[in-house]
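Let me begin by presenting the structure, written as structure tokens, before commenting on it.
The values are calculated or read from the model by the stated rules, or taken from the named source; none is laboratory data. Note that the structure is predicted; figures quoted are calculated from it, not measured. Cβ placement follows ideal geometry from the backbone for every residue including glycine, while neighbour counts extend to all protein chains displayed.
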Amino acid sequence: MVAGLSVVRNDNPLSPAACPRLIVKVGSALLVAPDGTIRRDWLATLVADIAAAHAAGQQVAIVSSGAIALGARRLKLPKGGRASLEDAQAAAATGQIALSQAWSDLLASHDLVAAQMLLTLDDLEDRRRYLNASATLDRLLSLRVVPVINENDSVATAEIRFGDNDRLAARVGQAAGAQGVLLLSDIDGLYTANPQRDPEARFVERVERIDAAIFAMADGGTASGMGSGGMISKLQAAQIANSAGTTLAIASGHHDHALSRFIETGHGTVFLPERAKRARKAWLAGRLRVTGSIQVDAGAAAALAKGKSLLPAGATEVSGIFQRGDVIDVLGPDGRALARGLAEYDAADAARIVGQRSDRLAAILGYAPRAALIHCDHMVLL
């Protein structure tokens with residue numbers, strides 16, 4: 001069948017109706033054949049699913065493995081390009097072109113525009129770079145573009161890499177403000193034991209808490225030997241996603257139309273966040289160093305309490321030395337901390353626009369301004 005997302009499982013948390021923004025991760029074993037070529041016919045069915053989800057109003061970003069495997073074949077490198085770091089970097093640089101072209105061509109056949117983003121660990125760990133990545137993802141998705149994302153393996157080293165695209169997909173989900181992450185895998189989900197070794201292993205449909213007992217069900221291997229992840233990396237990805245208030249699911253990608261099949265049948269393992277979206281901002285409240293503050297008037301304080309962003313017009317004073325992306329406090333008229341968030345401006349520029357209307361900012365700063373001093377997506381109330 002050609003996927004039209006005729007949804008049977010209306011309760012599926014990753015369906016277009018329940019999940020306006022979705023991250024789909026595609027593993028190397030699904031996308032690349034054993035001979036090192038792209039499984040283009042299979043990929044075409046997945047792209048048809050993405051186009052159907054797009055038509056249903058869902059915004060979709062793709063985290064795609066496969067560059068190293070593709071490049072290794074073109075360069076005739078041993079061990080799938082993973083014999084050394086240098087080989088992996090060379091294979092990634094070569095294979096990424098072919099990978100991006102395949103996605104772009106197939107998406108274009110459905111009148112969808114593709115965009116490429118290559119990220120390293122530092123891009124999502126450093127707060128300023130995280131903000132830039134988040135803003136780029138948000139803008140691309142709002143423009144109805146389909147971002148195709150991969151780790152930048154051509155420059156990443158052991159110290160600055162995710163190591164697998166499962167965890168990258170979870171981090172991208174956080175940066176994109178996605179409600180769901182789907183890991184299409186060479187296994188259909190989590191089992192109580194490795195089903196290839198234990199015939200009595202039972203399938204796990206829902207996980208509401210990831211603890212030591214859940215990790216005990218997993219092992220670190222991959223069925224294909226082609227990728228870098230395994231069930232443990234998928235559980236770690238689920239932890240990252242759930243801590244951000246995002247639902248994560250693992251489903252088999254071996255079938256044609258893998259996305260629509262999961263949406264329609266719900267067959268896979270779904271990891272549900274314990275505290276929904278509140279957990280997504282928990283790290284702001286307690287774990288990051290505060291480098292400055294912005295005091296606000298009573299009107300701005302009331303707007304913040306309703307979930308609004310902090311606009312320059314409501315600010316009264318800037319204190320401290322901080323840069324865009326640093327964590328700062330928002331103080332009420334009485335000096336009490338009301339909120340904490342990531343600064344959208346350096347301290348010097350923030351001080352220049354305190355109390356100013358939005359239509360004055362460009363003239364004051366001399367460049368196109370950002371709408372908020374702190375955006376509500378990057379702020380938590382205290």
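Inspect region 313-331 for any residue being of a type in the set (D, E, K, R), at pLDDT 95 or above, surrounded by fewer than 19 Cβ atoms within 10 Å (Cβ to Cβ) and in contact with a strand residue (DSSP E or B) (Cβ under 7 Å, 6 or more places away or on another chain) and give the result as yes or no.
yes
May I ask you to list pairs of residues, at least six apart or on different chains, whose Cβ atoms are under 6 Å apart, with the first in region 370-382 being under 12 Å from Asp326 (Cα atoms) and the second being surrounded by 18 or more Cβ atoms within 10 Å (Cβ to Cβ) and basic (Lys, Arg)?
Pairs found: none.
Any residue at all in region 122-140 that is over 13 Å from the mean Cα position of the chain (by Cα), at pLDDT 90 or above and of a type in the set (Ser, Thr, Tyr)?
Checking region 122-140: not a single residue is over 13 Å from the mean Cα position of the chain (by Cα), at pLDDT 90 or above and of a type in the set (Ser, Thr, Tyr).
Residues in region 240-257 that are in contact with a helix residue (DSSP H, G or I) (Cβ under 6 Å, 6 or more places away or on another chain) and surrounded by fewer than 24 Cβ atoms within 10 Å (Cβ to Cβ): how many?
7
Report whether or not Ile374 is closer than 24 Å to Tyr130 by Cα, under 24 Å from the mean Cα position of the chain (by Cα) and of a type in the set (Val, Ile, Thr).
Yes, satisfied.
Of these, Ala44, Ala48, which one is within 13 Å of Arg261 (Cα to Cα), outside any loop (DSSP other than H, G, I, E, B) and either at pLDDT 95 or above or not hydrophobic (A, V, I, L, M, F, W, C) (or both)?
Just a single option satisfies the conditions, and that option is Ala48.
Among the residues of region 92-113, are any small (Gly, Ala, Ser) and closer than 30 Å to Val327 by Cβ?
no
For the list (1) modelled with pLDDT of 95 or more; (2) under 23 Å from the mean Cα position of the chain (by Cα), I need the number of the one condition that Ser109 fails.
Answer for Ser109: the failing condition is (2).
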